[in-house]
Amino acid sequence: MQVGVLGVATTKFGELWGVSPRQLVRQVVTEALAQSRLELKDIEALYVGNMLSGILGGQENLGALFASELRLTCPAFKIEGACASGGLAFYNASLAVRSGVFKNALVVGVEKMTDHKPEEAAMGLMGAGSDSERQAGATFPALYALMARVHMQKYGTSEEEMAAVAVKNHYHASLNGKAHFLNQITLEQVLKSPQIADPLKLLDCSPISDGAAAAVISSGLPKSIKPIWIKGAGVATDSLGLDRRADLTSLNSAIAAAKTAYREAGITPKDIDIAEVHDCFTIAEIMALEDLGFYEKGKAGKAVLKGETTLGKGKLTVNTSGGLKACGHPVGATGVKQVAEIVTQLRGEAGKKQVTGAKIGLAHNVGGTGAVAVVHIFSS
């Protein structure tokens with residue numbers, strides 16, 4: 001069954017003081033429905049991607065909460081998979097529509113993080129780590145720093161190459177009015193920013209953000225709207241902690257999820273024009289570009305430094321939204337925002353950050369240090 005995305009929407013990402021999760025969700029739902037030319041009464045299922053509402057806000061029952069807020073009586077589900085919660089919500093919704101159980105499904109990703117102290121947010125995020133990592137006091141910057149150090153030793157990846165990821169994504173974010181950070185930065189600024197966990201510096205790390213995104217998925221495709229097709233999807237898991245992995249320079253979950261998505265779509269990495277990848281830290285984007293088959297191991301960092309993945313520079317453009325690094329990372333919303341960016345690009349409606357001639361796009365969303373990964377492939 002052919003299934004398409006009819007409407008998408010994203011709020012501004014950032015420190016959204018005085019705006020509640022309910023307001024964020026209502027905003028994106030209203031916009032996504034308007035694009036899809038559907039009404040709330042047409043929605044047969046609601047999927048909510050969120051990680052931290054129970055830990056930080058004391059509310060776990062988000063399916064019912066937002067169904068009530070939107071005055072929906074359809075089935076409603078909260079989907080949690082750490083920072084991949086949004087991507088997993090989209091995956092489950094699209095799977096239900098593709099199976100024929102529902103005709104129209106609404107996906108929402110939402111997170112409100114900046115109302116809480118940084119240490120509270122960090123503690124909540126470590127809910128995605130293993131017991132041994134938490135007991136050791138290893139937060140995600142430390143865990144990704146360990147992966148970065150191994151990648152550097154094994155493949156010669158440099159701090160300059162990682163910094164180039166941040167520079168590129170800030171440049172793309174400067175073209176995106178909804179990004180958390182609209183400022184461009186230089187390699188020197190990244191390299192001289194405060195050390196967080198060697199070799200990662202402040203400007204190698206994605207921020208704590210608020211925001212929401214929504215998507216409408218349908219098998220009932222009106223002639224008045226040109227849908228963006230869901231061509232392939234894959235989800236895979238790996239060990240929760242790094243101590244059980246044979247290789248710290250790859251995420252096996254991402255490799256496996258991508259393999260499934262490529263096979264289902266009937267394409268290869270060379271066919272992708274645009275990708276939104278999970279750059280929670282700059283090393284994560286380098287690893288993603290290799291795990292997804294865009295570059296051989298050890299080659300992605302050099303390609304980013306050369307500008308090959310920058311808008312207007314090469315065949316593949318990566319993270320036109322600004323990625324998690326500069327657009328922001330409200331963890332439950334990120335995966336749905338990635339989908340929204342790809343859909344907008346494939347429609348040719350991305351404005352100043354439009355990738356010319358983009359026909360096929362990929363979204364790559366990761367939970368924790370790769371304990372779960374979800375990959376979607378779309379075509380116009």
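Worth a mention:
- Evaluating residue 223 against the criteria (1) in the same structural domain as residue 198 (by TED's automatic domain parsing); (2) over 21 Å from residue 153 (Cα atoms) leaves one unmet condition, (1).
- Some residue of region 269-288 being free of Cβ contacts under 8 Å to residues at least 60 places away in the same chain and either small (Gly, Ala, Ser) or within 22 Å of residue 8 (Cβ to Cβ) (or both): no
- Of all residues in region 281-328, those satisfying the criterion of being aliphatic (A, V, I, L, M), surrounded by fewer than 24 Cβ atoms within 10 Å (Cβ to Cβ) and closer than 17 Å to residue 350 by Cβ are 311, 316.
- Scanning region 20-29 for residues that are touching a residue at least 12 places away in the same chain (Cβ under 8 Å) and surrounded by fewer than 18 Cβ atoms within 10 Å (Cβ to Cβ) returns 20, 22, 26, 27.
- So residue 174, is it over 19 Å from residue 82 (Cβ atoms) and modelled with pLDDT of 95 or more: yes
- Extreme residue, surrounded by the most Cβ atoms within 10 Å (Cβ to Cβ), among residues of region 201-230 that are of a type in the set (Gly, Ala, Ser) and part of a loop (DSSP other than H, G, I, E, B): 206
- Selection status of residue 303, outside the structural domain of residue 88 (by TED's automatic domain parsing), without any contact (Cβ under 8 Å) to a residue 24 or more places away in the chain and not in a loop (DSSP other than H, G, I, E, B): yes
- Taken over region 75-103, the criterion of being basic (Lys, Arg), part of a helix (DSSP H, G or I) and touching a helix residue (DSSP H, G or I) at 6+ places or on another chain (Cβ under 6 Å) is satisfied by no residue.
- Scan region 308-333 for residues that are in contact with an Asp or Glu (Cβ under 8 Å, 6 or more places away or on another chain) and either in a helix (DSSP H, G or I) or of a type in the set (Ser, Thr, Tyr) (or both) and the total you get is 9.
Conditions (1) surrounded by 23 or more Cβ atoms within 10 Å (Cβ to Cβ); (2) assigned to a helix (DSSP H, G or I); (3) over 18 Å from the mean Cα position of the chain (by Cα), marked per residue:
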{"position": "35", "(1), (2), (3)": "no, yes, yes"}
{"position": "47", "(1), (2), (3)": "yes, no, no"}
{"position": "64", "(1), (2), (3)": "no, yes, yes"}
{"position": "73", "(1), (2), (3)": "no, no, yes"}
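- Meets criteria (under 23 Å from residue 10 (Cα atoms), in contact (Cβ under 8 Å) with a residue 24 or more places away in the chain and of a type outside the set (Ser, Thr, Tyr)) for residue 127: no
- Test: residue 185 is over 24 Å from residue 372 (Cβ atoms) and either not assigned by TED's automatic domain parsing to the domain that holds residue 260 or not aromatic (Phe, Trp, Tyr) (or both): yes
- Evaluation of residue 8 against the conditions (1) of a type in the set (A, V, I, L, M, F, W, C); (2) in a loop (DSSP other than H, G, I, E, B); (3) surrounded by 22 or more Cβ atoms within 10 Å (Cβ to Cβ) shows that the sole unmet condition is (2).
- For region 234-271, filtered to residues that are in a helix (DSSP H, G or I) and acidic (Asp, Glu), the residue that is nearest to residue 373 (Cα to Cα) is 264.
- Considered as a group, the residues in region 49-59 that are modelled with pLDDT under 95 and outside any helix (DSSP H, G or I) include one that is farthest from residue 6 (Cα to Cα), and that residue is 58.
- Pairs, first under 14 Å from residue 32 (Cα atoms) in region 215-236, second of a type in the set (Phe, Trp, Tyr) and buried (at least 18 other Cβ atoms within 10 Å of the Cβ), C-beta under 8 Å, six or more apart: 215/90; 217/90; 228/378
- Within region 173-200, being buried (at least 24 other Cβ atoms within 10 Å of the Cβ) and out of contact with any Cys (no Cβ under 7 Å at 6 or more places or on another chain) holds for one residue alone: 200.
- For region 350-380, a residue qualifies if it is among the charged types (D, E, K, R) and in a loop (DSSP other than H, G, I, E, B), and exactly one does: 359.
The values are calculated or read from the model by the stated rules, or taken from the named source; none is laboratory data. Just so it is clear, the model here is predicted, and its values are computed rather than measured. Cβ: placed from backbone, ideal geometry, glycine included. Neighbour counts: every protein chain shown.
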